[in-house]
Amino acid sequence: MLRNSNKPVYDLEERTFQFAKSVRLFVKTLPKTIANIEDGKQLIRSSGSVGANYREANEALGKKDFLMRIKISRKEAKESAYWIRLIYETNNLKNLGETKRLLQEAIELKKILSSILLKSK
């Protein structure tokens, strides 16, 4: 779970925002290779989409719309984990702790969103 001022973040809108923010700060530290630039762009898109779609779900017009947005948010969390893992496995990164923390957060967000989906059906 991402932390803000050493306090756990339980508000999922805030947690997804902090995830996207942390991803952007992480991408800035990557070596400037063609692969990292392209992978970083994909990671930035997917990490931001987790929270954006979660917020859209909270403003959904109906149950079907809600479920669709949660599914998209979950898909984007899963995609974010993919890009983080790819970057991790194709670089000799100095800050392994941050990389692993981001990967764990993407996985946890996917699990939370999966749980929301199951309970909402």
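Sum -39500 (n - 2.57) across every DSSP H segment of at least 4 residues in the chain, then divide by the residue count to get the 222 nm mean residue ellipticity, nearest 500. Walk me through the numbers on the way to the answer.
Values: 4 runs with 94 residues, N = 121.
The helix contribution divided over the chain gives -27500 deg cm²/dmol.
Go through the stretch 1-92 and name the chymotrypsin sites (Phe, Trp or Tyr not before Pro) that are in a DSSP coil and have 13 or fewer other Cβ atoms within 10 Å of their Cβ. Each step should come with its number before you reach the end.
Values: sites: 10, 17, 19, 26, 54, 66, 82, 83, 88; in loops: 10.
For chymotrypsin sites (Phe, Trp or Tyr not before Pro) across the stretch 1-92 that sit outside H, G, I, E and B with at most 13 neighbouring Cβ atoms in 10 Å, the list reads 10.
Can you give the percent of C-alpha pairs in the stretch 52-120 whose distance is more than 19 Å?
Details: 928 of 2346 pairs.
Roughly 40 percent, rounded to a whole number.
Assuming R0 = 25 Å, what is the FRET efficiency of residue 61 and residue 108, from their Cβ-Cβ distance, to the nearest 0.05?
Once the sixth-power term is evaluated, E becomes 0.35.
Considering only DSSP states other than H, G, I, E and B, which GluC sites (Glu not before Pro) in the stretch 34-67 qualify as loop sites with at most 12 other Cβ atoms within 10 Å? Could you put the intermediate results ahead of the total?
On the way: sites: 38, 56, 59; in loops: 59.
Hits after loop and neighbour filter: 59.
Contact order normalised by length for the stretch 3-120, with contacts defined as Cα pairs under 8 Å and 6 or more residues apart; what percent is it?
Values: 106 pairs, mean separation 31.6, N = 118.
That works out to 27 percent.
I'd like the trypsin sites (Lys or Arg not before Pro) in the stretch 8-104 restricted to DSSP loop residues with at most 14 other Cβ atoms within 10 Å, sorted by number. Provide the component values of the computation, followed by the final result.
Working: sites: 15, 21, 24, 28, 32, 41, 45, 55, 63, 64, 69, 71, 74, 75, 78, 85, 94, 100, 101; in loops: 32, 94.
Those satisfying the criteria are 32, 94.
If I take all pairs of Cα atoms in the chain, what percentage of them are more than 20 Å from each other? Write down the numbers at each step before the final one.
Numbers: 2891 of 7260 pairs.
I get 40 percent for the Cα pairs in the chain exceeding 20 Å.
Of the residues 65, 39, 11, which exhibits the maximal mean-square fluctuation in a Gaussian network model of the chain defined by a 10 Å Cα contact cut-off?
11
Please give me the summed charge of the neighbours of residue 75: other residues whose Cβ is under 13 Å from its Cβ, Lys and Arg +1, Asp and Glu -1.
Numbers: positive: 45, 69, 71, 74, 78, 110; negative: 76, 79.
For residues surrounding residue 75, the net value is +4.
Over the chain, with a Gaussian network built from C-alpha contacts below 10 Å, which listed residue (86, 109, 43) shows the highest mean-square fluctuation?
Of 86, 109, 43, the most mobile in the Gaussian network model is 86.
Identify which of 106, 20, 52 has the largest mean-square fluctuation in a Gaussian network model of the chain, with springs joining Cα atoms closer than 10 Å.
Fluctuation is largest for 52.
Laboratory data are not the source of any read-out in this text; all were calculated from the coordinates shown. On a predicted model such as this, the values are computed, not experimentally measured, just so you know. Positions of Cβ are backbone-derived with ideal geometry, glycine not excepted, and every protein chain shown enters the neighbour counts.
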